[in-house]
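> My questions all concern the structure below.
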């Protein structure tokens, strides 16, 4: 019987809760914070200060108009259509749903950037007049796969809200 290499995953050393007026999520406490290159509202975190392409990023945009369930089809068409326009795009997962008064779009996909195949997981939430976009991206497919447990933690603990939450409001 041959030796199979066991897949390696990063060790979780602890999590930090990031709270903002419009969103919250958990990330590894030892990740680095990067500034957005523009003036956009949000934050970027990554495991390596020298790798700005392997990140979990959040951005918030006020669209100036409320969205409703009736808008989901048009929003999904634009979202998935934009991804399909990326060089070498291959969409692995597409999802769209309405949860209460919130709309959500989700995609997992690969694309080619600077001759490198990258992998992304994007969740876009529409809440009131805001679009909150959460992106987990690996500089390469291998880096994405390696960091997926940490990306999963951030993505699946993400909440979108109207006011800054407290510990007691999470229950």
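The values are calculated or read from the model by the stated rules, or taken from the named source; none is laboratory data. Keep in mind that what you see is a predicted model, and the values were worked out from it rather than measured. Note: ideal-geometry Cβ built from the backbone for every residue, glycine included; neighbour counts use all protein chains shown.
> Checking the conditions here, which among 74, 57, 89 is surrounded by 12 or more Cβ atoms within 10 Å (Cβ to Cβ), modelled with pLDDT of 95 or more and more than 24 Å from residue 29 (Cα to Cα)?
Details: 74 fails: surrounded by 12 or more Cβ atoms within 10 Å (Cβ to Cβ); 57 fails: more than 24 Å from residue 29 (Cα to Cα).
Of 74, 57, 89, the one residue that is surrounded by 12 or more Cβ atoms within 10 Å (Cβ to Cβ), modelled with pLDDT of 95 or more and more than 24 Å from residue 29 (Cα to Cα) is 89.
> Right, here's the next one. Would it be correct to say that residue 150 is more than 25 Å from residue 72 (Cβ to Cβ), crowded, with 18+ Cβ neighbours inside 10 Å and either more than 14 Å from the chain's Cα centre (by Cα) or in contact (Cβ under 8 Å) with a residue 60 or more places away in the chain (or both)?
Numbers: more than 25 Å from residue 72 (Cβ to Cβ): yes; crowded, with 18+ Cβ neighbours inside 10 Å: yes; either more than 14 Å from the chain's Cα centre (by Cα) or in contact (Cβ under 8 Å) with a residue 60 or more places away in the chain (or both): yes.
Yes.
> Sort through 76, 136, 107 and tell me the only one that's touching a strand residue (DSSP E or B) at 6+ places or on another chain (Cβ under 9 Å), farther than 18 Å from residue 159 by Cβ and part of a strand (DSSP E or B).
That would be 107, the only listed residue that is touching a strand residue (DSSP E or B) at 6+ places or on another chain (Cβ under 9 Å), farther than 18 Å from residue 159 by Cβ and part of a strand (DSSP E or B).
> Then there's this: Is it the case, given these coordinates, that residue 112 is in a strand (DSSP E or B), exposed (fewer than 14 other Cβ atoms within 10 Å of the Cβ) and over 17 Å from the mean Cα position of the chain (by Cα)?
Working: in a strand (DSSP E or B): yes; exposed (fewer than 14 other Cβ atoms within 10 Å of the Cβ): yes; over 17 Å from the mean Cα position of the chain (by Cα): yes.
Here the answer is yes, as residue 112 does meet what is asked.
> Taking the condition surrounded by 20 or more Cβ atoms within 10 Å (Cβ to Cβ), in contact with a strand residue (DSSP E or B) (Cβ under 7 Å, 6 or more places away or on another chain), modelled with pLDDT of 90 or more and part of a strand (DSSP E or B), does residue 144 pass? Break it down stepwise before answering.
On the way: surrounded by 20 or more Cβ atoms within 10 Å (Cβ to Cβ): yes; in contact with a strand residue (DSSP E or B) (Cβ under 7 Å, 6 or more places away or on another chain): yes; modelled with pLDDT of 90 or more: yes; part of a strand (DSSP E or B): no.
No; evaluated as a whole, the condition is false for this residue.
> Answer with yes or no whether residue 101 is within 22 Å of residue 148 (Cβ to Cβ), surrounded by 12 or more Cβ atoms within 10 Å (Cβ to Cβ) and in contact (Cβ under 8 Å) with a residue 12 or more places away in the chain. I'd like the intermediate steps shown before the answer.
Working: within 22 Å of residue 148 (Cβ to Cβ): no; surrounded by 12 or more Cβ atoms within 10 Å (Cβ to Cβ): yes; in contact (Cβ under 8 Å) with a residue 12 or more places away in the chain: yes.
No: the conditions fail for residue 101.
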